[in-house]
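Chemist: Take this structure first; my questions come after.
The values are calculated or read from the model by the stated rules, or taken from the named source; none is laboratory data. Note that the coordinates shown come from a computational prediction; the quantities given were computed from them, not determined experimentally. With ideal geometry, Cβ positions are generated from the backbone for all residues, glycine too; neighbour counts draw on all protein chains shown. For accessibility, only protein heavy atoms count, side chains too; no ligands or nucleic acids. Shrake-Rupley method; radii C 1.70, N 1.55, O 1.52, S 1.80 Å.
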Amino acid sequence: MSEKRLATRLWFWIPARISTCIVFSLLFVSIFTHAQVVVQIAPRVEQNFSTRWLYTPKNITGGETPDLADSAFDHVSVPHANIITPGETFDPDIFRFVSWYRKHFRVDDSWKDKLVTARFQGVMTVADVYLNGKHLAQHKGGYTSFDVDLTPSLRFGADNVIAVRVDSRERKDVPPEGAPKFYGFFGFGGIQRDVQLIVRDKLHIERAYYVTNRIQPDAAVTATLTVRNDRPLPAQAAVRFQILDERGKEVGSATSNVNLNAGEAKDVRIEVSSIIDPKLWDPDHPNRYVAIAEISDGVGTKDRDATWIGLRQFDWNDGGLLVNGHPLKIRGMNRHQTQTFIGGAVPNRLQRRDALILKYGLGLNMVRSSHYPPDPEFLDECDRIGLLVMDEFPDWQYVGQTSDWQQNAIDMAHDMILRDRNHPSIIVWGVHANEGSVKENDDRAFYAQTYGLVRDLDPTRRPAGARDSSGWHGKLVPEEVLTVNDYSPLDHFPQPRTGHPWLITEYGDAEQFPVWSGEGDLLRFALRWAQQMNSIYALPDLAGGVGWAAFDYASPEFNTPWAVTAYHNVDDVYRLPKAFAGYVLESQKDPDLYGATVHILSYWRRSTPDLWVASNAEEVEVRVNGKSIGRQRSSEYTSLPHPLFKFALGDAFQEGTVEAIAYRHGEVAAREQMRTPEDARTLQIVPDDSAIIGDAADLTKVVVYAVDVNGTIAPYEDRRINIDVRNGRLLGMSPVHLEGGRIAFYVQSREGEPGPIELRVSADGLTSAEQSIVVQPAVDTDLPFGPFDLQRDQDLKFRAYRR
């Protein structure tokens, strides 16, 4: 599809039983196809600008020059890592260099007299943007979006060249770095998030901010619309605010008039005062609406903006968090966005899948975006599925005392709030340095500005920031919600409160538990999580806890000369379960809403005194080789919503099968059967997705398992395997050793190769396996799995990984 297509596509999900289109207004064109309504939002254009870039990993002279000979550059799409890293250990400075990205494009003649903007979602670390040789903008920090006005330098009827110099070296003036030695995490490098081209009338909507004022007996929503007139003459305009439900039916609208001088911007406040029988948003019922803002003059509509919103209200009291007036115990995990091989250049498919794993695989209701603003599509998925978010500005154990560092941090907090404040999932802003500010009084002026941003830009939420529990007593607590990282010993966890609403933002264990650890160690790891969660649930005045952390990650925190993996997290770097801990978390989800679950916390390889089972059912029965050894109620860690089950095995262990049967209301609700693993015989390939988009950026994870004759994973199998990928790009290592009987890699489409991608894995002594992945045509006008692309409802359903 040509890049000249002038449409942004907004997708609404319509049940298949509906046989007619819903016509929103004469300005919309609706096409009923494949149980979806495609609504073209015009006249604004939001075009995918992430494909067909040229890249060189060198700091070349004249990289911005339009006629630079760049035919030998690599052809890439973004998100793009400036270098693919090894899987386990690597030089921690491997990504710290200057690179250049260039893109040739032509503009449509209809864009004359329009405002043309490039929106970069994230470039790590400092980006200098040029168009046709002219420097247009510099942006510092890789986690916040920025817009670049291309209008003055565009050439119509000729080739245009946008060039981005990306400086990924350490910058002491750019948070989260700045400390003499940074031990937290790696930022990596490159254009790490999507790029869009936005075309608007010069009389346009600059931004929109939506606030739920009331939720009962009806709902009221206020829109603050920033409108701007960049025309050479004054303009009289009408601003309209419209709310549609998820079926596309209007549930409310309001209009206001505004006069704008040339070059003037104004905030227009409009209220939809009564939404009858509102469907509220909460983590268990994430109902959403679409808010549409438009501006028109005497001729017609000139610009339109659309976004998802949720009708909900958050509040905090001494008992914790209230969602729509109802208390909710927070059960969350921290998440680093980075993934093996690609660092922070994580495409939307994987961003959204992370949210699905957190919500459904780990049974959580919250994630903390430690320690930086996440990708916009990750937040959109949190909105869609109901996952609360603590959104943080970039920082880790340090507050710079230079004016440059502090101003950059303040700018990042400002941009984060403006970008993300319409997301219903966000409950609190992290604008206090994570475990920073040992001497709080030294940073009062800095925090007065970051906390002031919350009050000015989004007074509906409270400011906070994760402080170290060992040193916060008696210190400055300007936030209204006390967020504390508590790594106190198990028998002293958690530390007492101080009279503020209270949330533990980190807890866990620094001991390393890779997937190849012994079965006993991995069970001990799982029971530690159970014990700490039990302590959190035992305190009614504690809002909840957010564990450290969901996924293993590459880290400099061990003070080694090489980057190594931090293994003290629930899932491994590939987001695969490490034996049992994740199942303990998952068992806490509500069975009425999310279904019954039962998991045996054992490999069933040897006799042990006890057999542990995690389930959200009332009763569990265990059978060994078909013979029942007992049916009982849960009895361990009784403050949990769903305590664990502990069966005394005695001499009941026998090689063969063990089965756990979960009962709810006296009926079988779930069951799991395991077999004693034997020697591995065969390799199996299990991709996350059967198809990916052929845009040279989309990719999917592929898991390889070593299984025995019964199909059981051999949990200690570690032999070397070979991976062969044809008609696609392998992001991974080959040969590579299995870890805990499995390993993963990624496959990515290549520009111009239609696929299918063919996979083959082999190993000495094991039967080989083959698999193919379909490559679907890319659509230039859409960001794959962008906010209004509900193709993900079909392609990105949560699928549990094998165990």
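Chemist: Take R681 and tell me if it is free of Cβ contacts under 8 Å to residues at least 60 places away in the same chain, of a type outside the set (S, T, N, Q) and open to solvent by 20 Å² or more (accessible area, probe 1.4 Å).
Modeler: no
Chemist: Further, regarding this structure: Which pairs do you get when a residue that is farther than 13 Å from Q339 by Cα and open to solvent by less than 20 Å² (accessible area, probe 1.4 Å), found in the range 560-581, comes within reach of a residue that is modelled with pLDDT of 95 or more and in a strand (DSSP E or B), reach meaning Cβ atoms under 7 angstrom, with the pair 6+ apart or on two chains?
Modeler: N569/F551; V570/M333; K578/D571
Chemist: In addition: With the checklist (1) touching a strand residue (DSSP E or B) at 6+ places or on another chain (Cβ under 8 Å); (2) open to solvent by less than 40 Å² (accessible area, probe 1.4 Å) in hand, flag the one item L640 doesn't pass.
Modeler: Going through the list (1) touching a strand residue (DSSP E or B) at 6+ places or on another chain (Cβ under 8 Å); (2) open to solvent by less than 40 Å² (accessible area, probe 1.4 Å), L640 breaks only (1).
Chemist: For the range 542-552, name all the residues that are open to solvent by less than 10 Å² (accessible area, probe 1.4 Å) and either closer than 17 Å to L523 by Cβ or within 22 Å of the chain's Cα centre (by Cα) (or both).
Modeler: G544, G545, V546, G547, A549, A550, F551, D552
Chemist: Tell me, yes or no, whether the range 583-600 has at least one residue that is assigned to a loop (DSSP other than H, G, I, E, B), surrounded by fewer than 17 Cβ atoms within 10 Å (Cβ to Cβ) and out of contact with any Lys or Arg (no Cβ under 7 Å at 6 or more places or on another chain).
Modeler: The answer is yes, given that some residue of the range 583-600 is assigned to a loop (DSSP other than H, G, I, E, B), surrounded by fewer than 17 Cβ atoms within 10 Å (Cβ to Cβ) and out of contact with any Lys or Arg (no Cβ under 7 Å at 6 or more places or on another chain).
Chemist: Just checking: which of the strands (runs of 3 or more DSSP E) contained wholly in the range 716-801 hold 1 or more residues that are open to solvent by 60 Å² or more (accessible area, probe 1.4 Å)? First the steps, then the outcome.
Modeler: Numbers: elements: 720-726, 729-731, 742-748, 757-763, 766-776.
Strands (runs of 3 or more DSSP E) meeting the threshold: 720-726, 729-731, 757-763, 766-776.
Chemist: Could you check the range 641-656 and list, in sequence order, the residues that are in contact (Cβ under 8 Å) with a residue 40 or more places away in the chain and not in a loop (DSSP other than H, G, I, E, B)?
Modeler: L644
Chemist: If you check L730 against the conditions, is it in contact (Cβ under 8 Å) with a residue 60 or more places away in the chain, hydrophobic (A, V, I, L, M, F, W, C) and out of contact with any Ser or Thr (no Cβ under 7 Å at 6 or more places or on another chain)? Give the derivation first.
Modeler: Working: in contact (Cβ under 8 Å) with a residue 60 or more places away in the chain: no; hydrophobic (A, V, I, L, M, F, W, C): yes; out of contact with any Ser or Thr (no Cβ under 7 Å at 6 or more places or on another chain): yes.
Answer is no for this residue.
Chemist: Can you tell me which of (1) closer than 18 Å to Y507 by Cα; (2) without any contact (Cβ under 8 Å) to a residue 60 or more places away in the chain is the one A617 doesn't meet?
Modeler: Of the numbered conditions (1) closer than 18 Å to Y507 by Cα; (2) without any contact (Cβ under 8 Å) to a residue 60 or more places away in the chain, the odd one out for A617 is (1).
Chemist: Sticking with this one: Only one residue in R368, R419, R384 is basic (K, R) and open to solvent by less than 10 Å² (accessible area, probe 1.4 Å). Which one?
Modeler: On the way: R419 fails: open to solvent by less than 10 Å² (accessible area, probe 1.4 Å); R384 fails: open to solvent by less than 10 Å² (accessible area, probe 1.4 Å).
Sole residue among the options that is basic (K, R) and open to solvent by less than 10 Å² (accessible area, probe 1.4 Å): R368.
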